[in-house]
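The values are calculated or read from the model by the stated rules, or taken from the named source; none is laboratory data. Treat the numbers as computed from the prediction; the structure is a model and nothing was measured. Cβ placement follows ideal geometry from the backbone for every residue including glycine, while neighbour counts extend to all protein chains displayed. Each accessible area value is taken on the protein alone, full model and side chains, heavy atoms only, with ligands, DNA and RNA left out. Shrake-Rupley method; radii C 1.70, N 1.55, O 1.52, S 1.80 Å.
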Amino acid sequence: MARTRKISTDDILDAAERVVMRDGAAGLSIDAVAQEAGVSKSRVVYDHKSKSALLEALIDRHMSAEEARIRDAVGSHSEAPHPELFGRISLAEEAPDDIDRAVCFAISAAMSSEENVHERMRAWTKADLEAMKAGPRPKAALLTYLALTGLCCMELFDFHRWETSERHDILDGIKDIYASLPDKK
């Protein structure tokens, strides 16, 4: 007798991720995820009551993972002039991958109709801005952070893909912004 395959919430979110990568956020549906995961529609609905809840769970998983990456990067840059800023800069050394881009597009699409997603992004941004204020030279940190965010958004929204050497040169320039800006009050 064959054993029943055990499927986890992560398996369902992995399937949702594949659907979003293949079909975009517009192609995400309970049916598509169930088919991709090889489970019944009711199994997906059991874990995620609606398409909106499924999308929120997918976004939440990625944002939680990113928050953990940021904490680790900040911790490993404790000796930097502004650990919160330089930890984030170090993460930008690696280009976003197709999963990052697909989730970014899903977040963008969801923000117009999903207030919870929009609120989560506002909270994320507010926390980042507070982290810039809390460290040394807050004005220089803010302007540097805005330059970093511009670079990251260009790549996440696939407006431009920088070669690795170009990205590192740009990141060096972004670090120079922090070092060279006077921090006038």
Quick one: would you say residue 89 is within 16 Å of the chain's Cα centre (by Cα), open to solvent by less than 50 Å² (accessible area, probe 1.4 Å), over 30 Å from residue 9 (Cβ atoms) and of a type in the set (A, V, I, L, M, F, W, C)?
-> yes
Of everything in region 148-174 that's open to solvent by 60 Å² or more (accessible area, probe 1.4 Å) and not in a loop (DSSP other than H, G, I, E, B), which residue is nearest to residue 106 (Cα to Cα)?
-> 154
Taking residue 17 as meeting all but one of (1) under 13 Å from residue 106 (Cβ atoms); (2) open to solvent by 60 Å² or more (accessible area, probe 1.4 Å); (3) charged (D, E, K, R), write down the number of the exception.
-> (2)
Restricting attention to region 94-128, which residues are of a type in the set (Val, Ile, Thr) and within 12 Å of residue 62 (Cβ to Cβ)?
-> 99, 103, 107, 117
Within region 100-118, residues open to solvent by less than 20 Å² (accessible area, probe 1.4 Å) and among the charged types (D, E, K, R) come out as 101
Go through (1) within 17 Å of the chain's Cα centre (by Cα); (2) open to solvent by less than 60 Å² (accessible area, probe 1.4 Å) one by one and return the number of the condition residue 12 breaks.
-> (1)
For residue 141, work out the one condition from (1) open to solvent by 40 Å² or more (accessible area, probe 1.4 Å); (2) of a type outside the set (S, T, N, Q); (3) part of a helix (DSSP H, G or I); (4) more than 30 Å from residue 50 (Cβ to Cβ) it doesn't fulfil.
-> (1)
Return the only residue of 32, 68, 26, 95 being open to solvent by 50 Å² or more (accessible area, probe 1.4 Å) and of a type in the set (A, V, I, L, M).
-> 26
Can you name the number of the only condition in (1) open to solvent by 40 Å² or more (accessible area, probe 1.4 Å); (2) free of Cβ contacts under 8 Å to residues at least 40 places away in the same chain; (3) over 24 Å from residue 151 (Cβ atoms) that residue 78 fails?
-> (3)
If you go through region 136-147 one residue at a time, how many are farther than 28 Å from residue 109 by Cα and touching a Lys or Arg at 6+ places or on another chain (Cβ under 9 Å)?
-> 2
Going by the conditions given, is residue 97 in contact (Cβ under 8 Å) with a residue 24 or more places away in the chain and of a type in the set (D, E, K, R)?
-> no
Are any of the residues in region 39-59 open to solvent by less than 60 Å² (accessible area, probe 1.4 Å), farther than 22 Å from residue 116 by Cα and of a type in the set (A, V, I, L, M, F, W, C)?
-> yes
Selection within region 119-138 - open to solvent by 50 Å² or more (accessible area, probe 1.4 Å) and over 30 Å from residue 164 (Cβ atoms) = 119, 120, 122, 123, 126, 130, 133, 134
